[in-house]
1. Return the residue satisfying two criteria in turn: it lies in the range 52-64 and is in contact (Cβ under 8 Å) with a residue 40 or more places away in the chain and crowded, with 16+ Cβ neighbours inside 10 Å, and of such residues it is farthest from LEU14 (Cα to Cα).
2. Does the range 1-51 hold any residues that are among the small types (Gly, Ala, Ser) and open to solvent by less than 30 Å² (accessible area, probe 1.4 Å), and which are they?
3. Output the residue which, of all residues in the range 49-64 that are farther than 14 Å from LEU128 by Cα and either of a type in the set (A, V, I, L, M) or touching a Cys at 6+ places or on another chain (Cβ under 9 Å) (or both), is modelled with the highest pLDDT.
4. Can you name the condition, by its number, that LEU86 falls short on among (1) open to solvent by 50 Å² or more (accessible area, probe 1.4 Å); (2) at pLDDT 85 or above; (3) in contact with a Pro (Cβ under 9 Å, 6 or more places away or on another chain)?
5. In contact with a Ser or Thr (Cβ under 9 Å, 6 or more places away or on another chain), crowded, with 21+ Cβ neighbours inside 10 Å, hydrophobic (A, V, I, L, M, F, W, C) and part of a helix (DSSP H, G or I): which single residue out of ALA68, ALA72 fits that description?
6. Within the bounds of the range 30-42, is there any residue that is in a helix (DSSP H, G or I) and of a type in the set (Gly, Ala, Ser)?
7. What's the total number of residues in the range 1-22 that are touching a residue at least 40 places away in the same chain (Cβ under 8 Å) and in a helix (DSSP H, G or I)?
8. Considering only the range 75-94, state which residues are in a helix (DSSP H, G or I) and under 18 Å from the mean Cα position of the chain (by Cα).
Amino acid sequence: MAWLQGLSLLLTLLGVVVIFGWLLHIPELTRLVPTLRGMVFNTALCFILLGQALRLLVAAGPSRPRLAGFSASAVLLFALLNLLQLWGGLSLGIDLTGLHRWADDGNPNPGRMSLPTTLCFLLAASSLLLLLRSQQPTGRGMLFGRLLVAAVFALGSLSLLGYVLGLEALF
């Protein structure tokens with residue numbers, strides 16, 4: 001489980017660095033790759049919440065699973081609200097647009113997560129909640145959880161590849 005703790009630390013640190021980038025107006029801290037658009041504040045917050053959910057998942061203690069479930073549920077809520085904004089053309093005020101306007105990074109909706117990012121968070125939070133809900137992580141529940149995690153990695157990898165290759169320029 002050391003790799004899970006390492007992943008938890010990586011996600012949390014990534015989120016913290018990006019949040020500091022937005023708060024301190026340092027665009028270099030908001031980007032994974034220098035030529036890409038900055039990661040939005042809510043994405044960084046979801047990385048922190050998922051990182052903490054993973055940390056709590058492997059930590060001992062009776063209240064840890066409940067706190068991990070709370071973190072994963074918060075990510076699920078952010079993802080569902082963002083999905084509602086994207087598909088419904090709504091603005092629910094969760095984007096923190098004022099915080100993102102200084103960057104002028106070409107995002108038509110400052111502060112809004114992209115659809116692939118939203119779907120990845122939706123799948124990741126669902127897989128964590130499924131794992132927390134199942135008493136014994138075996139059988140169909142474990143298989144479904146693994147499929148959700150595989151979908152997160154596939155969708156995330158393809159999205160990152162699309163950004164690096166500049167596929168949005170083709171459209």
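1. By that ranking, first place goes to LEU57.
2. Result: SER8, GLY15, GLY21, GLY38, ALA44, GLY51.
3. ALA59
4. Result: LEU86 passes all but (3).
5. So the residue among ALA68, ALA72 that is in contact with a Ser or Thr (Cβ under 9 Å, 6 or more places away or on another chain), crowded, with 21+ Cβ neighbours inside 10 Å, hydrophobic (A, V, I, L, M, F, W, C) and part of a helix (DSSP H, G or I) is ALA72.
6. Scanning the range 30-42 turns up no residue that is in a helix (DSSP H, G or I) and of a type in the set (Gly, Ala, Ser).
7. The total comes to 9.
8. Result: VAL75, LEU76, LEU77, PHE78, ALA79, LEU80, LEU81, ASN82, LEU83, LEU84, GLN85, LEU86.
The values are calculated or read from the model by the stated rules, or taken from the named source; none is laboratory data. Predicted model only: the values in this text are computed from it and were never measured. Virtual Cβ from ideal backbone geometry, glycine too; neighbours counted across all protein chains shown. SASA here: full protein model, heavy atoms, side chains in, ligands and nucleic acids out. Shrake-Rupley method; radii C 1.70, N 1.55, O 1.52, S 1.80 Å.
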